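Please read the structure below before turning to the comments.
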Amino acid sequence: MLCQICKKNKATITIVKVIELNKTELHVCSECAHYLLGNSISSFSFSQYNINEILDNLLSAFAQYDKVDNIVSKKNIMTCPKCNMTYNEFVQSGRLGCGNCYEYFRKQLNPLLGRLHGHSQHIGKVPLAIKERFVRLKRLKEIKDELQRAILKEEYEKAAQLRDMIIAEEKRLKNGNNE
Amino acid sequence: MGIMSNKEAILIRELRDTTAQWVKGDGPFNHIVISTRMRLARNLKGIPFPCKANNEQLEQVLIQSEKLLKNNKHFCDFKIIKINDLTDLDIQFLVEKRLISITLAKLNYPNRAFIYKPDEVISIMVNEEDHFRIQCLLPGFQLEKVWDMVNWYDDQIMNEIEYAFNENEGFLTSCPTNVGTGLRASIMLHLPGLLALNKINDLMANISEMGYAVRGFYGEGTDFLGNLFQVSNQITLGFSEEEIIERLKTIGKKLIEEEEKAREELMVHSKQKIEDQIMRAYGILTNAKIISTAEAIDLLSKIRFGLELGILTKIGYDTINRLMLIIQSGYLQLLKSRKMDENERDMTRAKLIQELLD
């Protein structure tokens, strides 16, 4: 059977969506499944469905995805270099192995965090030692975004100023790290 | 389970007989809100989370927490119980006294510990799902105070120990459902009025829409035994601690308001019926010879309702709260210092209730 979305690749994955009594099945290729799991489910409105329901759907979809993926290629098992937790292990247990897992699996985790919390960026308490660096990094990101906008608007003079600010800010951050 | 050391045995005996601050039941809005609780999930930087840590690494976490007690003046009156040195019954008792989680009880990690202040307001579970679970529990509806306390102790720990934290996901936790603030804030409410008038379902739907969960008190599958409801935040990432707490405050206020309305309505339309139910409950509890946990919880809720409405005046909230805890099977057996079968427990429970209500 061909993938019902791209209609090009062979469908290797079945995504089952069960909401209340309505069950729908979608046969897709692994590429489209990736896209679907990363995007469409996050558009569910929290007001319409409870979180447990969404989680259950999600876990069943993940489980399906993983089964097929395992058969297709055993080579691509991502493993956190710090604690040896594999992504499959996380999918099965729901627990991450160490702080580094959040960085190592960020690409995979972000959509999940979005679905769980509606956000993937921490706001709130920051340990004092990290606070200063945190503020600087945030500022740096803002300047970089501004630079992108300036380039798009062809405001090159402003862009040059922003670039210098970025270089200075990055230098300060780097020095801060060495201290 | 290891053989209980003498030190652990003494601490468990102390905990068996002491009354936690929240049990005194004298907080704001105590006619509806029994207690306010918060916990912060924290992990130590550079050490894998308990599910991936080896024995040595878990021991490192325990040593760090022992150092904290030894070296930090704010923790000098705290006590530490090593969970792995306890009997199954002691562990069950700690769960029933609301001191440790079922997770800490059930996980088979070595080097688990429970650190607490003797008034049981502040405590830390060590090597639970996360390295530290810092908790604060007070009577009544006092979210700000509980937050101030748990936050302050968290700061003191941070002066000594570096946590696993990053700029994106905040405080890093083993389960992604806790990441960010690591904060779970909850209030426990007694809502017999709303339940009697069948008004709870709509309110609960609203609460879950706001990203907050409603659970019973006596654990999964017990429904809302004793008309007790626990409301807590589900979302921990992308909102500040203050925002999470403010929302819970709004929910709490709404529930208090609605429960008060329901009680007024009940007193206008079915005063006799309610009084009858309360007095019957009192009659059974002060006379029965055999009573199960579920029946006792149900009747104690009616007596609590009697206090809240001013129908019963001779009993205090402290008595009801204490009874709510000691009627559970583990606590009961620990009080009598022996294992009992169900039948014997039901008889002992009935006797104990009469002693406390007399």
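The values are calculated or read from the model by the stated rules, or taken from the named source; none is laboratory data. None of these values were measured; they are calculated from a predicted model. So basically every Cβ, Gly included, is an ideal-geometry build from the backbone, and we count neighbours across all protein chains shown. For accessibility, only protein heavy atoms count, side chains too; no ligands or nucleic acids. Shrake-Rupley method; radii C 1.70, N 1.55, O 1.52, S 1.80 Å.
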message: How many Å² of accessible surface get buried when B and A come together, counting both sides, probe radius 1.4 Å, rounded to the nearest 100?
response: 3000
Percentage of interatomic Cα-Cα distances in segment B:108-187 larger than 16 Å: 57
statement: B:Ser240 neighbourhood, Cβ < 10 Å, K/R = +1, D/E = -1, net charge -3
query: Given charges of +1 on the Cβ of Lys and Arg and -1 on the Cβ of Asp and Glu, with all other atoms neutral, how large is the dipole of chain B about its Cα centre, in debye to the nearest 20?
result: 800
message: In Å², and per residue, what accessible area does the protein assembly as shown have when probed at 1.4 Å with the other protein chains present?
response: 49
- request: Any chance you could check segment B:50-64 for residues losing 50 Å² or more of accessible area when the partner protein chains are in, compared with the chain on its own (1.4 Å probe)?
  value: B:Lys52
task: Provide Rg and Dmax in Å for segment B:293-358, with only Cα atoms included in the calculation.
output: 12.3, 38
query: Any idea what the relative contact order of chain B is, in percent, if you count C-alpha pairs under 8 Å spaced at least 6 apart?
result: 20
Restraint check, B:Lys79/B:Lys106; B:Lys7/B:Lys97; B:Lys73/B:Lys253; B:Lys67/B:Lys97, Cα-Cα greater than 31 Å: B:Lys73/B:Lys253
message: Rounded to two decimals, what is the ratio between the C-alpha radius of gyration of chain B and 2.2 N^0.38 Å?
response: 1.02
message: Please list the three semi-axes, largest first and in whole Å, of the ellipsoid equivalent to segment B:1-43, using sqrt of 5 times the eigenvalues of its alpha carbon gyration tensor.
response: 30, 17, 7
task: Mind giving me the nanometre distance, one decimal, between the label points for B:Lys106 and B:Glu167, set 7 Å out from Cα along Cα→Cβ?
output: 3.9
field: 5 angstrom amide H check on B:Gly170, placed H, neighbours 5+ away
entry: A:His122
field: R0 of 45 Å, Cβ-Cβ distance B:Glu260-A:Arg136: FRET efficiency to nearest 0.05
entry: 0.35
field: Residue-wise HN-Hα coupling along segment B:276-283, computed from phi with Karplus coefficients 6.51, -1.76, 1.60 (Hz; x: Gly, Pro)
entry: 4, 4, 5, 5, 4, 4, 4, x
statement: Carbon plus sulfur, as percent of the 1.4 Å-probe accessible area of chain B, comes to 48
field: Derived scalar couplings ³J(HN,Hα) [segment A:89-104; Karplus, 6.51 cos²θ - 1.76 cosθ + 1.60; whole Hz; x for Gly, Pro]
entry: 4, 5, 4, 6, 8, x, 10, 8, x, 6, x, 5, 3, 5, 7, 5
- prompt: Among the listed pairs B:Lys45/B:Lys117; A:Lys138/B:Lys45; A:Lys82/B:Lys52; B:Lys117/B:Lys145; A:Lys144/A:Lys171; A:Lys131/B:Lys145, which are separated by more than 19 Å between their Cα atoms?
  reply: B:Lys45/B:Lys117; A:Lys138/B:Lys45; A:Lys131/B:Lys145
Segment B:284-358: relative contact order as a whole-number percent, Cα under 8 Å and 6+ apart: 50
statement: Relative to the compact-globule estimate 2.2 N^0.38 Å (N residues), the Cα gyration radius of segment B:242-358 stands at a ratio of 1.27
- line: Long-range share for the protein assembly as shown, i.e. C-alpha pairs more than 38 Å apart as a percent of all pairs, stands at 39
query: Using unit Cβ charges (K, R positive; D, E negative) and no other charged atoms, how large, in debye to the nearest 20, is the dipole of segment B:249-347 about its Cα centre?
result: 280
Rounded percent of accessible protein surface that carbon and sulfur make up, segment A:136-179, 1.4 Å probe: 49
task: List the longest stretch of chain B that has no exposed loop site; here a site is one of the trypsin sites (Lys or Arg not before Pro) assigned by DSSP to anything other than H, G, I, E or B, with at most 15 other Cβ within 10 Å.
output: B:46-288
Stretch gain in nm, segment B:Asn54-B:Gln156, where the contour uses 0.36 nm per residue and the Cα spacing is subtracted: 34.0 nm
For B:Thr250, net neighbour charge (Lys/Arg +1, Asp/Glu -1) across residues whose Cβ lies under 12 Å away: +1
statement: Interface residues of segment B:153-178, defined as losing at least 50 Å² of accessible area versus the chain alone with a 1.4 Å probe, are B:Phe165, B:Glu167, B:Asn168, B:Glu169, B:Pro176
field: Backbone HN-Hα couplings from phi across segment B:63-77 [Karplus 6.51/-1.76/1.60, Hz, Gly and Pro as x]
entry: 4, 4, 6, 5, 4, 4, 5, 6, 9, 9, 4, 6, 10, 5, 8
task: Could you pull out every one of the aspartates and glutamates with an alpha carbon less than 13 Å from that of B:Lys24, ignoring same-chain neighbours closer than 8 positions?
output: B:Asp119, B:Glu120, B:Asp318
task: Return the average number of partner chain Cβ atoms within 10 angstrom of each residue Cβ along peptide A:126-135.
output: 3
- line: Pseudo-spin-label distance A:Met165 to B:Met267, built 7 Å along Cα→Cβ, given in nm, is 6.2
query: Taking only the alpha-carbon positions of segment A:130-179 and ignoring solvent, what does the Debye formula give for the base-10 log of I(q)/I(0) at q = 0.22, 0.29 Å⁻¹?
result: -0.74, -1.02
Solvent-accessible surface ranking, highest first, for B:His269, A:His119 at 1.4 angstrom: B:His269, A:His119
